[in-house]
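What follows is one structure encoded as structure tokens, with my remarks underneath.
The values are calculated or read from the model by the stated rules, or taken from the named source; none is laboratory data. What you see is a predicted model; the values in this text were computed from it and never measured. No Cβ is skipped: glycine too gets one built from the backbone with ideal geometry, and neighbour counts run over all protein chains shown.
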Amino acid sequence: MTRMTRMTRMIRMAAVAIAAAGLMAANLEDPPLRGYTAESSRVQREWEAKFRAIPSAERVRENLRTLSSRPNHLGSAHQKQNAEWLRDQFRSWGWQAEVEEFSVLFPTPKERVLEMVAPTKFVAKIDEPALKEDPTSSQKAEQLPTYNSYSGDGDVTAPVVYVNYGTPADYEILEQRGISVKGAIVIARYGGSWRGIKPKVAYEHGAVGCLIYSDPKDDGYAQGEVYPAGPFRPKDGAQRGSVMDMPVYPGDPLTPGIGSTKDAKRLDFKDAVTIMKIPVMPISYGDAQPMLAAMTGPVAPEAWRGALPITYRLGPGPARVHLKLTFDWKQTPLYDVIAKLPGTAAADEWVVRGNHMDGWVNGASDPLSGLAPEMEEARAMGELYKQGWRPKRTIVYAGWDGEEHGLIGSTEWAETHADELQKRAVLYLNSDGNGRGFLNAEGSHYLENLVNSVAKDVTDPETGMSVWKRWQAAVISRGDVKTKAEARGGRADLRIGALGSGSDYTPFIQHLGVPTLNMGFGGEGGGGGVYHSIYDSFAWYSRFADTSFVYGRALAQTVGTLIMRVAGADVLPYQFDQLAETARGYATEIKARRDAEAAKIAETNRLLDDGVFAAVNDPWSPLQPPKREATAPMLEFARLDNSVDSLTRAAQRFERAQAAAIAQNLASIALGQLNGLLHTADQEMLLPEGLPKRPWFKHSLYAPGLYTGYGVKTMPGAREAIDNHDWKAANAEMLRISGALDKEATLIHKAATILEKKNVVP
């Protein structure tokens, strides 16, 4: 090598070193986004910053005012108008938009009678009065009355039994006291579980009717000033709601698993298992008080007592109630709005975003406070599109109809397009209303880092700190010792929650295995006091919730940024080591649950053997002794532990491979093949036969509890088997979960192999 050659080489090496140093410095200041090269990250950040400058709080306000101006329930004239208006707005912003119509079974009341016939006469109001302070509350001709959709028809007169929240555990306490609900009408308060669980459990115990009221301790004057003076539920306010048995399957009761198109094959009405078998009615605490006050029997346990000025008793009777409900069971048109912004290099991959359009009445808070920001996201992306921005992936925005009555619009669309979604959808992101305060996020756990990274790039409108920093503060202030330590720096990312059910994400993750997030702001101001009532209005929301609409703007900025980031990524920004960590935590919880149940059984049997129950049983108020159970066996956890270990190793390999590939600018990587594999990550965790007693729900890690409704059960098959002390089933379900985790590990290894193809990874 000549001296000149050596000098030239040294100069080049110095130049490379200087450039590398500069790049390192730049990266320290602004590291590349996950799934992006340094250059594509720089361009992406520039477009994201432009996007976040566009959404307007005032536009969010006006969107909400327009959408909530009249009742917008499924089947209403205004709901159809809103769907057409939303479609036209999307088109004006440059999106391809259509209204997709379905035909669904939707009952509305023909007759509602509720009266106490003994020991005194009382006729319930079952109506919410209009308030002069709330202009839309007087739109009586268009409002749905107070009722529970998918209640059974019925005409019953029976004694009343108070069942607290009406959970299975509450019935165990009643049985200990020798109180049966067979042939009775139960009265339960909202809370403790999802409303549809209350009549379901009541029917299983022999009840002939169910009343559900909001106790002021949970939702009324014990919480604060009632509406219109404050945000909480007034005396005559009632919470409407569906009681469809959604933990079995959501959507149209007559078309489980298939879209309810005009020509769909439908079940006979008698075979629709998600419709309640007894009449169910929601009532106000004003209507509940005379009935509860007329009851005798044992005084309710302390934890069962609400805030009404009465002595809470269990019954049965002497209060007797006549409940008569008849419904018009008719097919009703349902309108979903679907808008698309075409992608470029990966146009056959979809990033899907949705919020429902229908309320129970005017629905300003639930759901339109989430839809109004979604519109701003779409408008802002349309503006960027005009400026030259192009997403790699096609972006699909949706406004769902019929959510309030059983997630109907989203479920029917997802079932209709199931094959297409499983082939194309790389993300479904849901919101369902929005408030003031802190970011909340739940979903597929390999998306955890993505949520955290976006939250760091958005400014909280009230504090000026990042949305992530304020989220961190909320976690620290509310968490236990371990959670506080993690949030203070013991873990790189804040944890997101697991998804149960209760909103439109359900069919995407639980049935189809589409990667899913649910996001929104909340925790400050407002309250649930007008939830599903005529007072969920623009007047209420603008006084007590996001009064300046700045958190509507923040939601648009946060969710829109995340959608753009996924739509533009070179490699889908999934982080599987966070999924593996979460799965290990769930496995640990399963073990602890088995041990806790085993200890409970052993202690109960010992107390029986030692005569303790007999010795402390009050003869004036005797309790039934608990039943003796066989000793809980050990369970076979080894296979589950091995599968979690395998998933962990696969995730670690993927992390190394992706880092190496990104450093080489992905030039040699088959990105289409890689991303096509990655987006099926949740599909690999589906159980083909579904969960026990409810095959529509297929995810091995996440599901609503069969008797909790909205609340999530993680590793649900095994967890619910343990809760039921069905040890054989618990072992069988853990084997199925292990199989799903093994499939997931195999997929991640395949993805790592693609990344490693031209890279040597240690």
Neighbours by Cβ (under 9 Å, 6+ apart or cross-chain): first from segment 96-108, over 29 Å from S151 (Cα atoms); second small (G, A, S) and in a strand (DSSP E or B): Q96/A339; A97/A339; E98/A339
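Rundown of residues vs (1) over 19 Å from L325 (Cα atoms); (2) among the β-branched types (V, I, T), yes/no style:
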residue: Q81; (1), (2): yes, no
residue: F90; (1), (2): yes, no
residue: S103; (1), (2): yes, no
residue: T108; (1), (2): no, yes
residue: R112; (1), (2): no, no
residue: A118; (1), (2): yes, no
residue: K125; (1), (2): no, no
residue: L131; (1), (2): yes, no
residue: E142; (1), (2): yes, no
Hey, which of the helices (runs of 4 or more DSSP H) in segment 1-116, taking only ones fully inside, have at least 3 residues that are modelled with pLDDT of 95 or more, surrounded by 19 or more Cβ atoms within 10 Å (Cβ to Cβ) and among the hydrophobic types (A, V, I, L, M, F, W, C)? 57-67, 77-92
(1) within 30 Å of D742 (Cβ to Cβ); (2) out of contact with any strand residue (DSSP E or B) (no Cβ under 6 Å at 6 or more places or on another chain); (3) crowded, with 24+ Cβ neighbours inside 10 Å: which one isn't true of R495, the others all being true? (3)
Give the number of residues within segment 270-297 that are over 28 Å from the mean Cα position of the chain (by Cα) and surrounded by fewer than 15 Cβ atoms within 10 Å (Cβ to Cβ). 2
Count - residues of segment 168-195 that are assigned to a strand (DSSP E or B) and touching a Gly at 6+ places or on another chain (Cβ under 7 Å): 5
Please work out which one of (1) in contact with a Gly (Cβ under 9 Å, 6 or more places away or on another chain); (2) in a loop (DSSP other than H, G, I, E, B) is the condition S365 fails and give its number. (2)
Under the condition of being assigned to a loop (DSSP other than H, G, I, E, B) and under 31 Å from the mean Cα position of the chain (by Cα), which residue from segment 377-398 is surrounded by the most Cβ atoms within 10 Å (Cβ to Cβ)? P391
Residue among A425, A418 that alone is out of contact with any strand residue (DSSP E or B) (no Cβ under 7 Å at 6 or more places or on another chain) and among the small types (G, A, S): A418
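Would a scan of segment 412-424 turn up a residue that is modelled with pLDDT of 95 or more and assigned to a loop (DSSP other than H, G, I, E, B)? Explain how you work it out, then say what you get.
So the first thing to find is which residues in segment 412-424 are modelled with pLDDT of 95 or more, and the list is 412-424.
So of that shortlist, the ones also assigned to a loop (DSSP other than H, G, I, E, B) come out as 417.
There is at least one residue in segment 412-424 that is modelled with pLDDT of 95 or more and assigned to a loop (DSSP other than H, G, I, E, B).
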Of the residues in segment 263-319, those that are of a type in the set (D, E), in a loop (DSSP other than H, G, I, E, B) and more than 24 Å from S242 (Cα to Cα) come to D263
Residue identified as assigned by TED's automatic domain parsing to the domain that holds W727, buried (at least 16 other Cβ atoms within 10 Å of the Cβ), free of Cβ contacts under 8 Å to residues at least 60 places away in the same chain and under 27 Å from A498 (Cα atoms) among A587, A598, A580, A592: A598
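Residue-by-condition table, conditions (1) under 22 Å from K132 (Cα atoms); (2) surrounded by 23 or more Cβ atoms within 10 Å (Cβ to Cβ):
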| site | (1), (2) |
| --- | --- |
| T516 | no, yes |
| G522 | no, no |
| G528 | yes, no |
| S533 | yes, yes |
| S537 | yes, yes |
| Y541 | yes, yes |
| T547 | yes, no |
| Y551 | no, yes |
| T558 | no, yes |
Which residue pairs have Cβ atoms closer than 7 Å, lie 6 or more positions apart in sequence or on different chains, and pair a first residue in segment 120-142 that is without any contact (Cβ under 8 Å) to a residue 40 or more places away in the chain with a second residue that is acidic (D, E) and surrounded by 13 or more Cβ atoms within 10 Å (Cβ to Cβ)? V123/E115
